[in-house]
Amino acid sequence: MDALLGPGPRRAGSSLGAAGPASSCRAARTPAAPWARFSAWLECVCVVTFDLELGQALELVYPNDFRLTDKEKSSICYLSFPDSHSGCLGDTQFSFRMRQCGGQRSPWYANDRHYHSRAPVALQREPAHYFGYVYFRQVKDSSVKRGYFQKSLVLVSRLPFVRLFQALLSLIAPEYFDKLAPCLEAVCSEIDQWPVPVPGQTLNLPVMGVVVQVHIPSRMDKPESSPPKQCDQENLLPAPMVLASVHELDLFSCLQPLRFCCDFRPYFTIHDSEFKEFTTRTQAPPNVVLGVTNPFFIKTLQHWPHILRVGEPKMSGDLPKQVKLKKPSRLKTLDTKPGLYTAYTAHLHRDKALLKRLLKGVQKKRPSDVQSALLRRHLLELTQSFIIPLEHYMASLMPLQKSITPWKTPPQIRPFSQDDFLRSLEHAGPQLTCILKGDWLGLYRRFFKSPHFDGWYRQRHKEMALKLEALHLEAICEANIETWMKDKSEVEVVDLVLKLREKLVRAQGHQLPVKEATLQRAQLYIETVIGSLPKDLQAVLCPP
């Protein structure tokens, strides 16, 4: 494969149904509604088959009242079949990411806000994209006119749990291809009994006679911690299949200190609705990573700044030529060798010691999990060395706690100054934790111009603003409110009631990081203040 960089189910039907009429309507769902637990994990399950007249066709969607637009149906159909090398027989698994065409949905699931407040930003539910996890089977079949059985089972979700859903497909798909619809309906009913994903918890997920045990990542988890031990909640028979991670087929966890804020498509085809948008030459290449298999893209997008070709390089002896950086000018033919072709010069020097360790591991046939762990650790440490100075500087912009007083508007977070930050690197830069040499200042300046800095800064600023508001609420709750009310007018007192109520609503909605005791004290303050007002105002503020 080449990498070119640059709403939930509704009421359950009684049986599996064919794909319904196109509609962008997605009714809201409450956790108490049918299939609510299913919807906490998956949007729907699709089956895509190859029709001699239509090509790829959506055979069914389950639950059968889940509505997809025509554009979404078309995208799922094309993205669920390999774009090239389709002569390969057997089973293939891959994933894709596609834009929701009906516009952003409002969060329908009651625990969305609670989940997002505790989940790593890279593993939060996507508000405007679907992830598709595909199990494609192609085998010879004389009973079919074309001579081949070609069908894909697709799990559609807003959660980027690649490893979990591919493991789930490896259990479901072989059975489904043998028994078809009844099997799929039973599996979906089992998923509807699963507990909802809660960051920090280890869950046992029964499906088809197997118990899959997974840990849902939390922001509080320590990097590279070992997978949790089996839960003692019940005596499970058979023994659970423990997944070390719900998402780590790729290396997302190593980069979670820094969220990837551009678009990315693990699999992309010429039939995608955004093909023209991404391949136009009338403007600069878009900020997107495309995973493709069709050689057509190599010629069409050879003007893109980065192209990574993945093949089968021989990894014996010295550092193979295939993985050395090459200039895009070398990329002229469709039979170009594997490698990274880039128009940019790296800011940091290569870690030759790491490369030697990995190559030695290949020569000694070291298990791929161990090799992955070495690479993950390296990327994690490198990312942390890069992000820690940013975190330290950002923390210095927060007002001191002693400057927060109960009856005044809290001070503002100071603005981020790129020049001040760069000056701070001399004594608090990445060189304190990383031995890798290079142009760190140039790397930070490049980072400031990217969407990733904007995404990181907005997220951190939001978290700090909520923390500031929480500290202000705590300061109010620790003050003597009776003393404050003595010389205040009714207008000022009513204003305090309204502001306290607003803060209480935000805090109870898990938007403010405050203790339960603070919430109870705030509620008591509201009742005390209202009780000091005339009866007519009390009636207005507390209607029967």
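The values are calculated or read from the model by the stated rules, or taken from the named source; none is laboratory data. Just so it is clear, the structure is predicted and the values come from calculations on it, not from any experiment. Please note: Cβ atoms are built from the backbone with ideal geometry, for glycine as well, and neighbour counts cover all protein chains shown. For the accessible areas, the whole protein counts, side chains as well, though only heavy atoms, and no ligand, DNA or RNA atoms are used. Shrake-Rupley method; radii C 1.70, N 1.55, O 1.52, S 1.80 Å.
Which of the following residues is assigned to a helix (DSSP H, G or I), buried (at least 16 other Cβ atoms within 10 Å of the Cβ) and modelled with pLDDT under 85: VAL540, VAL491, VAL505, VAL529?
Details: VAL540 fails: buried (at least 16 other Cβ atoms within 10 Å of the Cβ); VAL491 fails: buried (at least 16 other Cβ atoms within 10 Å of the Cβ); VAL505 fails: buried (at least 16 other Cβ atoms within 10 Å of the Cβ).
VAL529 is the lone residue from the list that is assigned to a helix (DSSP H, G or I), buried (at least 16 other Cβ atoms within 10 Å of the Cβ) and modelled with pLDDT under 85.
Within segment 50-78, take every residue that is of a type in the set (S, T, N, Q) and open to solvent by 30 Å² or more (accessible area, probe 1.4 Å) and give me the one that is nearest to TYR176 (Cα to Cα).
Going through segment 50-78, the residues of a type in the set (S, T, N, Q) turn out to be 56, 64, 69, 74-75.
In the following step, the residues that additionally are open to solvent by 30 Å² or more (accessible area, probe 1.4 Å) were identified as 56, 64, 74.
Working: GLN56: 19, ASN64: 17, SER74: 23 Å.
For segment 50-78, the residue satisfying everything is ASN64.
Report, ordered by the first and then the second residue, all pairs with beta carbons closer than 6 Å, sequence separation of six or more or different chains, a first member in segment 285-313 that is modelled with pLDDT of 85 or more, and a second member that is of a type in the set (Phe, Trp, Tyr) and surrounded by fewer than 17 Cβ atoms within 10 Å (Cβ to Cβ).
Final answer for the pair search is VAL289/PHE264.
Going by the structure shown, is HIS452 in contact with a Leu (Cβ under 9 Å, 6 or more places away or on another chain), part of a helix (DSSP H, G or I) and open to solvent by less than 50 Å² (accessible area, probe 1.4 Å)? Write out each step before concluding.
Numbers: in contact with a Leu (Cβ under 9 Å, 6 or more places away or on another chain): yes; part of a helix (DSSP H, G or I): yes; open to solvent by less than 50 Å² (accessible area, probe 1.4 Å): yes.
So HIS452 passes the test.
Mind listing just one residue for me: the one in segment 508-520 that is open to solvent by 20 Å² or more (accessible area, probe 1.4 Å) and outside any helix (DSSP H, G or I) and, of those, farthest from LEU400 (Cα to Cα)?
HIS510
Can you name every residue in segment 394-421 that is farther than 17 Å from PHE448 by Cα, of a type in the set (S, T, N, Q) and outside any helix (DSSP H, G or I)? Talk me through it step by step, then tell me what you get.
Filtering segment 394-421 down to residues farther than 17 Å from PHE448 by Cα leaves 395-414.
Still in the list and also of a type in the set (S, T, N, Q): 396, 401, 403, 405, 409, 412.
Those that are farther than 17 Å from PHE448 by Cα, of a type in the set (S, T, N, Q) and outside any helix (DSSP H, G or I): THR405, THR409, GLN412.
Output yes when any residue across segment 467-484 is in a helix (DSSP H, G or I), open to solvent by 70 Å² or more (accessible area, probe 1.4 Å), among the basic types (Lys, Arg) and under 30 Å from CYS542 (Cα atoms), and no when none is.
Step one: list which residues in segment 467-484 are in a helix (DSSP H, G or I), which gives 467-478, 481-484.
Now drop any that are not open to solvent by 70 Å² or more (accessible area, probe 1.4 Å), which leaves 467, 478, 482-483.
Within this subset, residues satisfying the condition of being among the basic types (Lys, Arg) are 467.
Checking which are under 30 Å from CYS542 (Cα atoms) leaves us with 467.
For segment 467-484, residues in a helix (DSSP H, G or I), open to solvent by 70 Å² or more (accessible area, probe 1.4 Å), among the basic types (Lys, Arg) and under 30 Å from CYS542 (Cα atoms): present.
Looking at ALA343, ALA373, ALA353, which one is touching a His at 6+ places or on another chain (Cβ under 8 Å) and exposed (fewer than 15 other Cβ atoms within 10 Å of the Cβ)?
On the way: ALA373 fails: touching a His at 6+ places or on another chain (Cβ under 8 Å); ALA353 fails: touching a His at 6+ places or on another chain (Cβ under 8 Å).
One residue alone meets the criteria, ALA343.
Is one or more of the residues making up segment 282-303 in a helix (DSSP H, G or I), hydrophobic (A, V, I, L, M, F, W, C), within 30 Å of LYS222 (Cα to Cα) and open to solvent by less than 30 Å² (accessible area, probe 1.4 Å)?
For segment 282-303, residues in a helix (DSSP H, G or I), hydrophobic (A, V, I, L, M, F, W, C), within 30 Å of LYS222 (Cα to Cα) and open to solvent by less than 30 Å² (accessible area, probe 1.4 Å): absent.
Only residues in segment 40-53 that are farther than 20 Å from VAL139 by Cβ count as the first member; pair them with residues that are basic (Lys, Arg) and surrounded by 22 or more Cβ atoms within 10 Å (Cβ to Cβ), Cβ under 7 angstrom, at least 6 apart or cross-chain, and list the lot.
Note: pairs meeting the criteria are GLU43/ARG158.
Specify the residue that is farthest from ILE216 (Cα to Cα); the eligible residues are those in segment 135-185 that are of a type in the set (A, V, I, L, M) and surrounded by fewer than 16 Cβ atoms within 10 Å (Cβ to Cβ).
Filtering segment 135-185 for residues of a type in the set (A, V, I, L, M) gives 139, 144, 153-156, 159, 162, 164, 167-169, 171-173, 180-181, 184.
So of that shortlist, the ones also surrounded by fewer than 16 Cβ atoms within 10 Å (Cβ to Cβ) come out as 139, 144, 180-181.
Numbers: VAL139: 36, VAL144: 43, LEU180: 30, ALA181: 30 Å.
Looking at the filtered set, the residue picked out is VAL144.
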